[in-house]
1. I need every pair where a residue in segment 46-62 that is more than 19 Å from residue 147 (Cα to Cα) and assigned by TED's automatic domain parsing to the domain that holds residue 211 has its Cβ under 7 Å from the Cβ of a residue that is assigned to a helix (DSSP H, G or I) and modelled with pLDDT of 95 or more, sequence separation at least 6 or different chains.
2. Based on what the data block shows, is residue 118 part of a helix (DSSP H, G or I), within 16 Å of the ligand (Cβ to nearest atom), over 14 Å from the mean Cα position of the chain (by Cα) and more than 21 Å from residue 208 (Cβ to Cβ)?
3. Could you check segment 96-114 and list, in sequence order, the residues that are crowded, with 24+ Cβ neighbours inside 10 Å and assigned to a helix (DSSP H, G or I)?
4. Just checking, which of 63, 77 is more than 14 Å from the ligand (Cβ to nearest atom) and either farther than 22 Å from residue 175 by Cβ or in a helix (DSSP H, G or I) (or both)?
5. Please verify whether residue 174 is closer than 28 Å to residue 80 by Cβ and more than 15 Å from the ligand (Cβ to nearest atom), treating the condition exactly as stated.
6. How about segment 121-166: which of its residues are in a loop (DSSP other than H, G, I, E, B), more than 13 Å from the ligand (Cβ to nearest atom), under 24 Å from the mean Cα position of the chain (by Cα) and surrounded by 15 or more Cβ atoms within 10 Å (Cβ to Cβ)?
7. I'd like the residue in segment 46-60 that is within 13 Å of the chain's Cα centre (by Cα) and surrounded by fewer than 22 Cβ atoms within 10 Å (Cβ to Cβ) and, out of all such residues, is farthest from the ligand (Cβ to nearest atom).
8. Somewhere in segment 196-204, is a residue in contact with a helix residue (DSSP H, G or I) (Cβ under 7 Å, 6 or more places away or on another chain), within 14 Å of the ligand (Cβ to nearest atom), in a loop (DSSP other than H, G, I, E, B) and more than 24 Å from residue 53 (Cα to Cα)?
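The values are calculated or read from the model by the stated rules, or taken from the named source; none is laboratory data. Quick caveat, the model's predicted, so the values are computed rather than measured. Backbone-built Cβ (ideal geometry, glycine too); neighbour counts: all protein chains shown.
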Ligand code: KIV
């Protein structure tokens, strides 16, 4: 069953956690969809996690479209969310054009980083029937890769709660809370009419999102994430064993090769002898 925004909202209402993972490629998208992940999310973290960029600010629309198209091919049931890259949603006209481009390549909704300055954009996209996910707290496009926790002071806590409410009023259908104190995230979750998706925002959000590389153990560990595999180790070990076996001549073996039938080989050898 294809998951839509109504389904995600009903999960919030039933207090059933919403599961979200970032995804950058076709085979991983197939596995996430098969595992029943609710939202497969093409994040602009593709830049630092896959493309070798120093920051999210380097990611372009072309990068996002390239990865969205691959992920799209692997998703059947999950809600497919895609990130607006840096500066791609600065103006209403530009945001509409870029969001429509994503939708025409199979996205179900678009995520935008930022606070109240995003209200006119979210309003305009909502008017056109485009589903948006807001993103507050730590926003890598604005704050860079060094993340601090938000919502530790009274003023900042109030501002975050008010911002979340304003973005929901503007029409956002989901909101990511990144690196926000658990208590403030809980208050936002309690008051917001839309599902909150936390990353480093504690246990009481309506859903959780993590970067796929972080759960697989690719790259450095983070406090907010959990490693369910050690792909750094597994991948390095596989590469090293392959290299060693090729160098030793123990790969390929007879099991990996295909032979020409012996009668045909005899004819080739005869021809070879007389020609070379
Ligand atoms: O791009 C990304 O991975 C994100 C998540 C941190 C929510 O925006």
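1. Going by the 7 Å Cβ cut-off, the qualifying pairs are 51/63; 61/98.
2. Details: part of a helix (DSSP H, G or I): yes; within 16 Å of the ligand (Cβ to nearest atom): yes; over 14 Å from the mean Cα position of the chain (by Cα): yes; more than 21 Å from residue 208 (Cβ to Cβ): yes.
When the stated conditions are applied, residue 118 passes them.
3. 99, 102
4. Working: 63 fails: more than 14 Å from the ligand (Cβ to nearest atom).
Testing whether each residue is more than 14 Å from the ligand (Cβ to nearest atom) and either farther than 22 Å from residue 175 by Cβ or in a helix (DSSP H, G or I) (or both) leaves just 77.
5. Working: closer than 28 Å to residue 80 by Cβ: yes; more than 15 Å from the ligand (Cβ to nearest atom): no.
For residue 174, the condition - closer than 28 Å to residue 80 by Cβ and more than 15 Å from the ligand (Cβ to nearest atom) - is not met.
6. 130, 131, 149
7. So in segment 46-60, the residues within 13 Å of the chain's Cα centre (by Cα) come out as 46-50, 56.
Now drop any that are not surrounded by fewer than 22 Cβ atoms within 10 Å (Cβ to Cβ), which leaves 48-50.
Numbers: 48: 9, 49: 8, 50: 11 Å.
My answer is 50.
8. Here is the first cut: in segment 196-204, the residues in contact with a helix residue (DSSP H, G or I) (Cβ under 7 Å, 6 or more places away or on another chain) are 196, 198, 201-204.
With the extra rule that they be within 14 Å of the ligand (Cβ to nearest atom), the set shrinks to 196, 198, 201.
Keeping just the survivors that are in a loop (DSSP other than H, G, I, E, B) gives 201.
Now narrow it down to the ones that are more than 24 Å from residue 53 (Cα to Cα): 201.
Yes, the conditions are met somewhere in segment 196-204.
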